[in-house]
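The values are calculated or read from the model by the stated rules, or taken from the named source; none is laboratory data. Bear in mind the structure is a predicted one, so any value in this text is a computation, not a measurement. Here the Cβ is made from the backbone with ideal geometry for all residues, glycine too, and neighbour counts use every protein chain on show. With ligands, DNA and RNA removed, areas are computed over all heavy atoms of the protein, side chains included. Shrake-Rupley method; radii C 1.70, N 1.55, O 1.52, S 1.80 Å.
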Amino acid sequence: MRLSAHAERFEREVIPFTGYLLGHAQSLTKQRHDAEDLVQDAMLKAYASFATFRTGSNMKSWLYRILVNTWVDNYRQSQRRPDEQLSGDLTDGQISNQMELTRFASRSAELEVLVNVPGAVTAALRDLPEDLREVIYYADVQGYRNTEIAVMFGIPVGTVASRLHRGRNRLRESLLGECA
């Protein structure tokens, strides 16, 4: 059975990035099995929208954005599901721990990332508008170039540079205010 031209192009251009995506997925999910599922979901979404990929754009950034969006969507979906717990054999200490885990799990996906950043920086990042915070996250935490971020968000490179400049200035002012 011969693959369609669309499928052949997808296999040739996208499949080589599977290992790259798996590494990032594992850092998001912390579990190999969950990371594999996440990559599979992201690849299905990438295949479904492959016709919208602009030739000449950064494939790695496009796929990474799909992966992260899929993870955030899955995370949010899991937050809407009720907790499943067999409670017959739980002790009071286990119930207390479960309540603490439930409180922790009610955070947004974005906040989960920010929780790992030290105190004052976390607060300063949270205070930024979302558009500035996202650009700073991808540039300074994930290490993406402005051109890659522009592709991820579908905005001009100049807009990325502007948001990065404004966001870093606001962070600097906020953090210097903490020190004063």
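Some notes on this structure:
- Selected residue [surrounded by 15 or more Cβ atoms within 10 Å (Cβ to Cβ), basic (Lys, Arg) and on the phi < 0 side of the Ramachandran plot] from ARG12, ARG65, ARG54: ARG65
- Residue count for the stretch 16-51 under the criterion of being outside any loop (DSSP other than H, G, I, E, B) and either free of Cβ contacts under 8 Å to residues at least 12 places away in the same chain or not assigned by the TED database to the domain that holds ASN69 (or both): the result is 12.
- Some residue of the stretch 110-122 being of a type outside the set (Phe, Trp, Tyr), at pLDDT 70 or above and in the same structural domain as ARG163 (by the TED database): yes
- Within the stretch 123-146, the set of residues being of a type in the set (Val, Ile, Thr) and modelled with pLDDT under 85 comprises just one member, VAL141.
- For the stretch 133-159, filtered to residues that are part of a loop (DSSP other than H, G, I, E, B) and over 19 Å from LEU28 (Cβ atoms), the residue that is most open to solvent (accessible area, probe 1.4 Å) is ARG145.
- Check on ARG76, at pLDDT 55 or above, surrounded by 15 or more Cβ atoms within 10 Å (Cβ to Cβ), closer than 25 Å to VAL141 by Cα and among the charged types (D, E, K, R): no
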